[in-house]
Amino acid sequence: MVVAGEDRNDRLALRVLLEHFCPEMRGRLVEIGDKVRLHHATGANLTARAEVLASKVRARAVRDDASVACVFVHEDLDQADSDDYPFVRERVQKALESALGRAHYALAVSEIEAWLLLFPDALSAIAATWSLPAKCKGKDTGRLIDPKKVLMNDVSRGGRRYRESDAPDVLEQAINLGLLARPVGRNRSFDQLRADAVQCCAEHLKSNT
């Protein structure tokens, strides 16, 4: 199992979610540390970038003397969810599948912080002063223009401010509190990641255990 993404915080957050959605992944996940830049690319440029990532995955597999069950690639769309989202995701998904075979593109709308806003009680568990504004509860968090700004300026306005390194811890708290199955709101990129993790688990891991 291989995880790639924009930075270490995002890869750690993805690892937390994947190991929850598919416990069979625990102890099998490795990371590719290079920054991913895919969603703006098209045509031959996208193909080349996907092939570079694939070469790094294959090299890691050779180094570890292991086969690759699935590759999960995270990237933030950096804009709110819209009708364009599925087309952008599908374009990159096809390029990754062509280069890697079993790959899943976790394109977060609008960024991974939007997933955190689905779990207000987990945010409060990180810092008692953190509170999700009523205007953001029960919403489609993918439609928010700047979730990170919401976390920094609205949720954590009292006490210490949200930091990007908090993301994995918020998701850990959501798991500990049993919140992942009952998000407060919706985000289709989060739902897509869950579905992809379950699919990989059923097709490529559970049959081998």
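When PHE87 is tested against (1) crowded, with 20+ Cβ neighbours inside 10 Å; (2) part of a helix (DSSP H, G or I); (3) aromatic (Phe, Trp, Tyr), just one condition goes unmet, and that condition is (1).
Within segment 101-115, if we keep just the residues that are under 13 Å from the mean Cα position of the chain (by Cα) and of a type in the set (Gly, Ala, Ser), the residue that is surrounded by the most Cβ atoms within 10 Å (Cβ to Cβ) turns out to be ALA114.
Condition first: assigned to a loop (DSSP other than H, G, I, E, B), closer than 13 Å to VAL184 by Cβ and not hydrophobic (A, V, I, L, M, F, W, C). Can you find one or more residues in segment 151-158 that meet it? Checked against the condition, which is being assigned to a loop (DSSP other than H, G, I, E, B), closer than 13 Å to VAL184 by Cβ and not hydrophobic (A, V, I, L, M, F, W, C), segment 151-158 yields no hits at all. Considered as a group, the residues in segment 116-147 that are in contact with a Phe, Trp or Tyr (Cβ under 9 Å, 6 or more places away or on another chain) and of a type in the set (Ser, Thr, Tyr) include one that is most open to solvent (accessible area, probe 1.4 Å), and that residue is SER124. Just to be sure before I move on: is ALA59 open to solvent by 10 Å² or more (accessible area, probe 1.4 Å), farther than 25 Å from ALA122 by Cα and part of a loop (DSSP other than H, G, I, E, B) in the structure I sent? So ALA59 does not fit the description; no. In segment 180-209, of all residues being open to solvent by less than 10 Å² (accessible area, probe 1.4 Å) and hydrophobic (A, V, I, L, M, F, W, C), the one that is modelled with the lowest pLDDT corresponds to LEU205. Can you find a residue in segment 123-130 that is in contact with a strand residue (DSSP E or B) (Cβ under 8 Å, 6 or more places away or on another chain), of a type in the set (Ser, Thr, Tyr) and not in a helix (DSSP H, G or I)? No - not one qualifying residue is present in segment 123-130.
Out of everything in segment 22-56 that is of a type in the set (Ser, Thr, Tyr) and touching a residue at least 12 places away in the same chain (Cβ under 8 Å), what residue ends up being surrounded by the fewest Cβ atoms within 10 Å (Cβ to Cβ)?
Only one residue fits best here, namely THR42.
When GLU19 is tested against (1) open to solvent by 20 Å² or more (accessible area, probe 1.4 Å); (2) assigned to a helix (DSSP H, G or I); (3) of a type outside the set (Gly, Ala, Ser); (4) touching a residue at least 24 places away in the same chain (Cβ under 8 Å), only condition (4) is not met. Flag set for GLN173, criterion: in contact with a helix residue (DSSP H, G or I) (Cβ under 7 Å, 6 or more places away or on another chain) and part of a helix (DSSP H, G or I).
Would you mind stating whether VAL150 is in contact with a helix residue (DSSP H, G or I) (Cβ under 8 Å, 6 or more places away or on another chain), within 20 Å of SER82 (Cβ to Cβ) and either hydrophobic (A, V, I, L, M, F, W, C) or surrounded by fewer than 18 Cβ atoms within 10 Å (Cβ to Cβ) (or both)?
yes
Of the residues screened, SER98 is one that is among the polar types (S, T, N, Q), surrounded by fewer than 22 Cβ atoms within 10 Å (Cβ to Cβ), over 20 Å from the mean Cα position of the chain (by Cα) and under 22 Å from ARG37 (Cβ atoms).
The values are calculated or read from the model by the stated rules, or taken from the named source; none is laboratory data. Since the model is a prediction, treat every value here as computed from it, not as a measurement. Ideal geometry is used to build each Cβ from the backbone, glycine not excepted, and the neighbour counts take in all protein chains shown. Ligands, DNA and RNA are excluded from the accessible area calculation, which covers all protein heavy atoms including side chains. Shrake-Rupley method; radii C 1.70, N 1.55, O 1.52, S 1.80 Å.
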